[in-house]
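**Student:** Can you read through this structure? Questions will come right after.
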Amino acid sequence: MIRITPGISIEEHEVEESFVRASGPGGQNVNKLATAVQLRFNVRGSPSLTDDVRARLERLAGSRLTRDGFLVITAQRHRTQGRNREDARERLIDLIRRAAIAPRVRRATRPSKAARERRVEAKKHRAGLKQMRRTKPALD
């Protein structure tokens, strides 16, 4: 069981991990060992997520979400399978935690009368400065 928040936890069997060869530097190691981790999590089929968390997670996932609804996270920052595996799981947990936070509802507000007056006065002042620059000096 992977604990995400006090109210959300996902089962181990919901997360699929496969190991692939990493790209980038690493010498002979990179050619021999499959150290990169590709983690797959079925967002649409997970019974652990509520509908609103699922919708926010799909939006946050962006291009990491496949057409089938699988979230794919590839971790290859480290040189060992274990550390890449931890990194991929931490990234999944972080993404789900961010999706679990409901956005605050914005209440429409109106500027106060004093604020509107200050804005108009500032515009008049600026217009006056520009007007002074336009007038030609009188040649006597």
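**Student:** Nearest 10 degrees, 0 to 90: what angle lies between the long axis of helix 81-100 and the longest principal axis of the chain (Cα atoms)?
**Tutor:** Roughly 50 degrees, rounded to the nearest 10.
**Student:** Among T109, T66, T74, which one shows the highest mean-square fluctuation when the chain is modelled as a Gaussian network with alpha-carbon springs under 10 Å?
**Tutor:** For the chain, modelled as a Gaussian network with Cα springs under 10 Å, the answer is T109.
**Student:** Normalised by the residues of the stretch 4-140, what does the relative contact order come to in percent, with Cα pairs under 8 Å and at least six apart?
**Tutor:** On the way: 137 pairs, mean separation 29.4, N = 137.
It comes to 21 percent, rounded to a whole number.
**Student:** Let a ≥ b ≥ c be the square roots of the eigenvalues of the Cα gyration tensor of the stretch 2-100; is it rounded (a/c under 1.5), or, if not, prolate (a/b larger than b/c) or oblate?
**Tutor:** Working: a/c = 2.51, a/b = 2.07, b/c = 1.21.
It comes out prolate by the Cα gyration axes.
**Student:** How much FRET efficiency would the formula 1/(1 + (r/R0)^6) give for I101 and T74, where r is the Cβ-Cβ distance and R0 is 22 Å, rounded to 0.05? Spell out each step's value before the answer.
**Tutor:** Working: r = 25 Å, r/R0 = 1.13.
The value I calculate is 0.35.
**Student:** Between R44 and A108, what length in nm is gained on full extension when 0.36 nm per residue of separation is reduced by their alpha carbon distance?
**Tutor:** Values: separation 64, 0.36 × 64 = 23.04 nm, distance 3.33 nm.
Value of the extension gain: 19.7 nm.
**Student:** Among 39-45, 121-127, 55-61, how do they line up by average Cβ neighbours within 10 Å per residue, starting with the highest? Don't jump to the answer; show the numbers that get you there.
**Tutor:** Details: 39-45: 18.4, 121-127: 10.0, 55-61: 16.3.
Peptide ranking by packing, descending: 39-45, 55-61, 121-127.
**Student:** Report the charge-dipole magnitude of the chain in Debye, nearest 20, computed about the Cα centre from +1 at each Lys and Arg Cβ and -1 at each Asp and Glu Cβ. If you can, show how the numbers build up before the last one.
**Tutor:** Details: 33 positive and 16 negative charges, 333 e Å.
In debye, rounded to 20, the chain gives about 1600.
**Student:** Given the -39500 (n - 2.57) contribution per DSSP H run of 4+ residues, what per-residue ellipticity at 222 nm results for the chain, rounded to the nearest 500 deg cm²/dmol? Before the final figure, lay out the partial values.
**Tutor:** On the way: 4 runs with 58 residues, N = 140.
That calculation yields -13500 deg cm²/dmol at 222 nm.
**Student:** Highest GNM mean-square fluctuation, the chain, Cα pairs closer than 10 Å: which of V37, V53, V20?
**Tutor:** For the chain, modelled as a Gaussian network with Cα springs under 10 Å, the answer is V20.
**Student:** Moving to a separate point now. Where does the charge balance sit around Q81 when Lys and Arg score +1, Asp and Glu -1, over other residues with C-beta under 13 Å from its C-beta?
**Tutor:** On the way: positive: R21, K32, R77, R79, R83, R85, R89; negative: E17, E86, D87.
Within the 13 Å Cβ shell, the charges total +4.
**Student:** Continuing with this model, one more query. Rule-of-thumb check for the stretch 49-114: C-alpha Rg over 2.2 N^0.38 Å?
**Tutor:** Working: Rg = 17.6 Å, N = 66, 2.2 N^0.38 = 10.8 Å.
Dividing the Cα Rg of the stretch 49-114 by 2.2 N^0.38 Å gives 1.63.
**Student:** What is the sum of charges around R3, taking Lys and Arg as +1, Asp and Glu as -1, for the other residues whose C-beta is under 14 Å from the C-beta of R3? It would help to have the intermediate numbers written out before the result.
**Tutor:** Details: positive: R89, R97; negative: E11, E12, E14, E90, D94.
Local net charge: -3.
Throughout, read-outs are computed from the coordinates displayed, never taken from laboratory work. Just so it is clear, the structure is predicted and the values come from calculations on it, not from any experiment. Cβ sites come from the backbone with ideal geometry, for glycine too, and all protein chains shown count toward neighbours.
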